[in-house]
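The values are calculated or read from the model by the stated rules, or taken from the named source; none is laboratory data. Remember, it's a predicted structure, so these values are computed and weren't measured experimentally. Ideal geometry is used to build each Cβ from the backbone, glycine not excepted, and the neighbour counts take in all protein chains shown. Areas reflect the complete protein model, heavy atoms only, side chains present, ligands, DNA and RNA absent. Shrake-Rupley method; radii C 1.70, N 1.55, O 1.52, S 1.80 Å.
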Amino acid sequence: MSQVYCTHCGRLLQDYEQVCPTCGTPRAVINQNNSYEPIQPARSNTSLWLHIAIMVASLVILAIAFFWWKGRKEGKDVSAKQEQVAESHVNLADGSYVYEGVWDDGGRSPQSCRMLFTKDNGQLKYCSYTNIKYSTTTQLTGEMRGDSLYFKGKIGTEDLLIVLAPGKGDDKELSGTGSDYAHNDHNIRMKLFPIDVNNMQTTSSDNVIQESTVIDDTPVSSSRSYSFSGSIDRYSLWMDLTIDGSDVSGSYYYISSGSGERLYLRGTLFSDGEMVLTETTSNGIQTGRFDGNFDGSSYNGHFKNYKEELMYFTLIAQ
């Protein structure tokens with residue numbers, strides 16, 4: 001049977017109750033009236049608003065994540081486009097090269113920079129980028145991709161990418177773009193010009209960069225003086241050497257410390273071009289060792305300090 005409520009007090013009557021036990025209203029009277037429907041309490045809106053708030057917060061988080069991902073993707077796309085440098089058929093002869101120019105982000109004032117690299121048997125080696133203004137050097141790996149020179153390194157944990165191509169016609173400069181992810185600089189314009197180093201020259205015909213110096217495999221027979229600019233790892237330095245036959249002596253200093261803080265060098269130049277130098281303080285205490293290849297215009301190899309830490313160095317004769 002359907003439930004029956006007292007029309008006077010609202011009590012639910014059992015099937016056997018003929019009189020409301022609460023107010024005494026007879027069941028016959030109750031049946032004559034419409035059934036009593038108890039008032040249901042209003043549903044709270046708290047739960048509804050909580051769900052709405054959660055949905056809004058989720059949408060905001062998704063929107064932030066999307067725009068962050070989009071920004072990173074656009075940055076990577078810029079890096080990919082750096083490889084699409086203007087066509088210029090270039091052949092790079094074996095040798096060491098120095099270029100100086102500007103890193104222009106279009107915002108801050110252009111910063112002077114230097115690129116060093118050596119091409120040896122089809123490979124780019126001993127590559128580095130130096131910010132001349134701040135005397136900071138970043139070691140790079142390099143390779144030739146199509147008509148461009150592609151360089152990559154790390155500033156902290158972030159990428160430094162540089163893509164350069166030679167100019168056309170009689171132009172001798174390298175131009176292209178760079179991206180410094182450590183400082184959020186993307187698609188930076190770069191233009192660099194060759195520095196004449198120990199008879200190294202650039203010929204404009206067919207945009208072929210050539211090396212005119214020929215290195216003799218025999219030991220140097222007369223005394224010669226050389227000055228080098230370069231770096232050990234990321235530390236910029238200046239080195240002065242005197243080579244007399246196979247005997248080598250000289251000194252160097254770190255740019256950040258100044259010429260008054262020199263370390264002294266003595267060593268041997270072998271007939272195959274290997275040059276080994278021992279580093280000492282002014283008191284004669286041995287603090288390091290250079291072991292690399294000298295070709296008359298550059299000195300590249302590995303340096304081991306007093307902690308037995310091995311670091312890469314690259315030096316270009318000035």
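Take the residues in segment 67-123 that are touching a helix residue (DSSP H, G or I) at 6+ places or on another chain (Cβ under 9 Å) and open to solvent by 40 Å² or more (accessible area, probe 1.4 Å), then tell me which one is modelled with the lowest pLDDT. In this case the residue turns out to be His89.
For segment 253-265, the tally of residues that are in a loop (DSSP other than H, G, I, E, B) and either under 19 Å from Tyr299 (Cα atoms) or touching a residue at least 40 places away in the same chain (Cβ under 8 Å) (or both) stands at 3.
Please work out if Arg266 is under 25 Å from Thr130 (Cα atoms), open to solvent by 90 Å² or more (accessible area, probe 1.4 Å) and either touching a Lys or Arg at 6+ places or on another chain (Cβ under 8 Å) or at pLDDT 90 or above (or both). Let's see the steps before the verdict.
Details: under 25 Å from Thr130 (Cα atoms): no; open to solvent by 90 Å² or more (accessible area, probe 1.4 Å): yes; either touching a Lys or Arg at 6+ places or on another chain (Cβ under 8 Å) or at pLDDT 90 or above (or both): yes.
So Arg266 does not fit the description; no.
Could we say that Val163 is open to solvent by less than 40 Å² (accessible area, probe 1.4 Å) and at pLDDT below 80 here? No. Checked against the criterion of being over 26 Å from Lys119 (Cβ atoms), polar (S, T, N, Q) and at pLDDT 90 or above, the candidates Ser282, Ser231, Ser225, Ser256 yield just one match: Ser225.
Checked against (1) on the phi > 0 side of the Ramachandran plot; (2) assigned to a loop (DSSP other than H, G, I, E, B); (3) not basic (Lys, Arg), Gly250 passes all but condition (2).
Restricting attention to segment 219-252, the residues that are free of Cβ contacts under 8 Å to residues at least 40 places away in the same chain and either open to solvent by 10 Å² or more (accessible area, probe 1.4 Å) or farther than 23 Å from Val98 by Cβ (or both) add up to 15. Restricting segment 273-312 to residues that are open to solvent by 60 Å² or more (accessible area, probe 1.4 Å) and assigned to a strand (DSSP E or B), which is farthest from Thr242 (Cα to Cα)? Applying the filter and picking the extreme gives Leu310.
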